[in-house]
Amino acid sequence: MTDVSLGMPELPAPDYPADVRARLETDAKEIIARYPDSRSALLPMLHLVQSEEGHVTRTGQRFCAELLDLTTAEVNAVATFYSMYRRKPSGDYQVGVCTNTLCAVMGGDEIFEELQRHLGVGNNETTEDGKVTVEHIECNAACDFAPVVMVNWEFFDNQTPQSATRLVDDLRAGRDVEPTRGARLCTFKETARILAGFPDERPGAVEATGGAGPASLAGLRLAKGETPAGRVVSPRAGEPPAGERPATHPSSHDAPQQNAPSDPA
């Protein structure tokens, strides 16, 4: 018979050092004052404690629970639900590669695999120097710039395996890296503090922005009834010139029309 030991129950999380706690309490009170119900402040509070240590620790969860009059179980349920809250130490730069449908077929899977090989890490793992954490992301909401990589939630558009490896090498070497659009890059801890709702003090960060890509704008023009631009996709072999094409293109749902050589019936 195997001896199964349940072990000792986990002890309560330690508190922050007094000076750190005092500083965080000042910030936390500012966050809590924004809401009529203090428990509504939990999400930005979790970003606040994440900005302190780079991930949401048990100490950070205890801090949130005490100030919001919640149980640590309630705080943990939220902290483990949202992927933007890290559960273990991670890098200064969170490099997220979109592997959802469009980015994947445009090369996102290849980029993700190459970064893991190049850095010697797996998904959600961090380089030995603590600089870069690599993760796959389901969607970066920038399909018209596919494949897209994000670093601390800033966009790097139209990437290739080669450009992505140069990007992480520059991050590890401490060289200046400029996002394709949006604000200048900052560390993950600095990003977490901004997400907690505190002012972004980087010069020009608030004014920095980026517009939609050509594909999105083409759709917008069509929705407004504007004349569409030229074809994006090259005509298939054997397709008649534009002036000779039918006004509409029947689909397989229009049966019994003959709509494809492969379906003469």
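The values are calculated or read from the model by the stated rules, or taken from the named source; none is laboratory data. Quick caveat: nothing in here was measured; it's all calculated off a predicted structure. As a convention, Cβ positions derive from the backbone with ideal geometry for all residues, glycine included, and neighbour counts pool all protein chains shown. Areas reflect the complete protein model, heavy atoms only, side chains present, ligands, DNA and RNA absent. Shrake-Rupley method; radii C 1.70, N 1.55, O 1.52, S 1.80 Å.
Using the heavy atoms of the protein chains alone and a 1.4 angstrom probe, what is the accessible area of region 18-81 per residue in square angstrom?
Ligands and nucleic acids excluded, the result is 48 Å² per residue.
Share of region 93-187's accessible area from carbon and sulfur, percent, 1.4 Å?
Reported share for carbon and sulfur atoms: 46 percent.
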Per the Kirkwood definition applied to all pairs of different Cα atoms, how many angstroms is the hydrodynamic radius of region 1-151? 17.7
Stokes-Einstein D for region 18-81 at 4 °C, 1.567 mPa s, Kirkwood Rh over Cα pairs, in µm²/s? 113
Would you mind getting the accessible area per residue of region 93-187, heavy atoms of the protein chains only, 1.4 Å probe, in Å²? 46
Using the Karplus equation 6.51 cos²θ - 1.76 cosθ + 1.60 (θ = phi - 60°), what ³J(HN,Hα) coupling, rounded to whole Hz, does each residue of region 150-162 give in order, writing x for Gly and Pro? 10, 10, 6, 6, 9, 7, 10, 8, 6, 7, 10, x, 5
Suppose accessible area is computed on protein heavy atoms with a 1.4 Å probe; arrange Asp109, Asp170, Asp19 from highest to lowest. Asp19, Asp109, Asp170
Using a 10 Å cut-off on Cβ atoms, rank the peptides 27-34, 116-123, 154-161 from the highest mean neighbour count down. 154-161, 27-34, 116-123
Expected vector for region 188-197, Karplus 3J(HN,Hα) from phi with 6.51, -1.76, 1.60 and θ = phi - 60°, integer Hz, x for Gly and Pro, equals 5, 5, 5, 4, 4, 5, 5, 5, 6, x
Amide H partners (placed H, <5 Å) of His136, local residues excluded: Val97, Asn124
For region 105-115, 3J(HN,Hα) per residue [Karplus equation, 6.51 cos²θ - 1.76 cosθ + 1.60, θ = phi - 60°, Hz, x = Gly/Pro]: 6, 8, x, x, 4, 5, 4, 4, 5, 5, 5
How far apart, in nanometres, would the label points at Leu222 and Asp37 be if each is projected 7 angstrom from Cα along the Cα-to-Cβ direction? 4.3
Protein accessible area in region 18-81, 1.4 Å probe - carbon and sulfur %: 51
Taking N as the number of residues in region 93-187, what is its Cα Rg relative to 2.2 N^0.38 Å? 0.95
